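Working notes, structure below.
The values are calculated or read from the model by the stated rules, or taken from the named source; none is laboratory data. Note that the structure is a prediction, hence the values are computed from the model and not measured. Cβ coordinates were reconstructed from backbone atoms using ideal geometry, including for glycine residues, and neighbour counts include every protein chain displayed. Protein only, heavy atoms only, side chains kept; ligands, DNA and RNA dropped before computing areas. Shrake-Rupley method; radii C 1.70, N 1.55, O 1.52, S 1.80 Å.
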Amino acid sequence: QKAAQKGQSAKAREHGEKKKEARARRQRQEAQAKAREKHAKEQAVKAAERAGKEKQRKEVDRKAAEGELKEQVEMKQKVLETGQRLDKARDCLLYTSPSPRDS
């Protein structure tokens, strides 16, 4: 009877150890799954940040291009206005201020 109790006791201990090992294995697997999930979230955040930065850079480039175009248009307008003023000034000088040598 004592031998049977020892055998049952040994089996109970072995069963308890197997339960502990299974619990520890599940905990490790859960921890690994959480770590993978955390890593995936971090990667998603980084990708979103990169996409945001890329979008922001493109927006800055677009605005810079618009600004350059606007500056070019303004410069052309100034050149045209200056040319028109010069034409008017030449016209004025030619017709309103004859040279004494022309007389």
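Does residue 30 satisfy being in a helix (DSSP H, G or I) and either open to solvent by 100 Å² or more (accessible area, probe 1.4 Å) or touching a helix residue (DSSP H, G or I) at 6+ places or on another chain (Cβ under 7 Å) (or both)? Yes: the conditions hold for residue 30.
Among the residues of region 64-103, those that are at pLDDT below 75 and of a type in the set (Lys, Arg) comprise 85, 88, 90, 101.
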